[in-house]
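Worksheet for the structure shown next.
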Amino acid sequence: MSFPGSGLAKGLAVTLRTMTKRSVTAQYPDVQPDLAPRTRGVIGLFEENCTVCMLCARECPDWCIYIDSHKETVPPAAPGGRERSRNVLDRFAIDFALCMYCGICIEVCPFDALFWSPEFEYAETDIRDLTHERDKLREWMWTVPEPPALDPAAEEPKELAAARKAADKLAAQQQAEAEAARAGTAEQDPDPATDQNRPDTPGEGT
């Protein structure tokens with residue numbers, strides 16, 4: 001049950017508490033702010049991982065990602081193989097005047113080519129200069145913080161488990177081949193000391 005004027009009293013109490021607190025002024029840019037670990041500043045591009053699948057540009061609700069590419073023919077890896085074609089990235093640009101920092105492009109990228117960077121000092125005097133090309137996006141990539149450590153109780157990622165299983169299998173195979181090679185060498189080259197102690201067979205020597 002609320003009494004008449006209780007809401008007004010609560011509001012005045014909040015006002016009085018705020019009035020008694022000392023105001024704090026951030027001395028920016030002399031003092032840089034402490035940003036949260038998951039700050040959404042700008043988007044960095046790791047160009048080597050980009051396969052020009054266009055998924056980020058298609059899913060962007062603001063259509064602020066511009067990608068240009070061309071196809072190149074790759075010669076066969078082995079004699080008798082067939083040639084393959086691959087996409088080569090020519091342009092990757094993001095118009096941050098349109099971007100609403102939703103992060104959909106980062107989430108849908110299947111090859112981990114886009115990352116959040118906490119960098120936020122990229123203001124321009126002309127709005128047309130807010131369209132940053134792949135060279136600038138690559139520079140921001142080096143400001144991306146390291147991912148947080150995994151929970152010790154969490155399950156190992158499937159990719160790491162598969163890679164470790166394949167590496168263990170290859171190491172076991174190489175060890176078996178090395179042991180087989182050593183066994184074959186021992187059979188072909190018997191111990192010389194054994195040959196010296198062996199009695200001469202009939203017909204050998206005089």
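The values are calculated or read from the model by the stated rules, or taken from the named source; none is laboratory data. The model shown is predicted, which means the values in this text are computed figures rather than measured ones. Backbone-built Cβ (ideal geometry, glycine too); neighbour counts: all protein chains shown. Note: areas computed on protein heavy atoms with side chains; ligands, DNA, RNA excluded. Shrake-Rupley method; radii C 1.70, N 1.55, O 1.52, S 1.80 Å.
Remarks
- Subset of region 109-133 [under 23 Å from residue 33 (Cα atoms), among the hydrophobic types (A, V, I, L, M, F, W, C) and open to solvent by 40 Å² or more (accessible area, probe 1.4 Å)]: 115, 116, 120, 123
- The set of residues in region 139-154 that are open to solvent by less than 60 Å² (accessible area, probe 1.4 Å) and farther than 22 Å from residue 35 by Cα contains only 154.
Yes/no per residue for (1) over 30 Å from residue 136 (Cα atoms); (2) open to solvent by 90 Å² or more (accessible area, probe 1.4 Å); (3) at pLDDT 90 or above:
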| residue | (1), (2), (3) |
| --- | --- |
| 24 | yes, yes, no |
| 27 | no, yes, no |
| 38 | no, yes, no |
| 50 | no, no, yes |
| 53 | no, no, yes |
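- Residue match in region 89-112 (condition: of a type in the set (A, V, I, L, M, F, W, C), farther than 21 Å from residue 66 by Cβ and touching a strand residue (DSSP E or B) at 6+ places or on another chain (Cβ under 6 Å)): no
- Taking (1) out of contact with any helix residue (DSSP H, G or I) (no Cβ under 7 Å at 6 or more places or on another chain); (2) open to solvent by less than 70 Å² (accessible area, probe 1.4 Å); (3) more than 27 Å from residue 147 (Cβ to Cβ) in turn, residue 66 satisfies each apart from (2).
- Options 165, 136; residue that is of a type outside the set (A, V, I, L, M), open to solvent by 60 Å² or more (accessible area, probe 1.4 Å), within 26 Å of residue 68 (Cα to Cα) and within 24 Å of the chain's Cα centre (by Cα): 136
- Qualifying positions in region 74-101 - assigned to a loop (DSSP other than H, G, I, E, B), closer than 16 Å to residue 57 by Cα, open to solvent by 50 Å² or more (accessible area, probe 1.4 Å) and not aliphatic (A, V, I, L, M): 101
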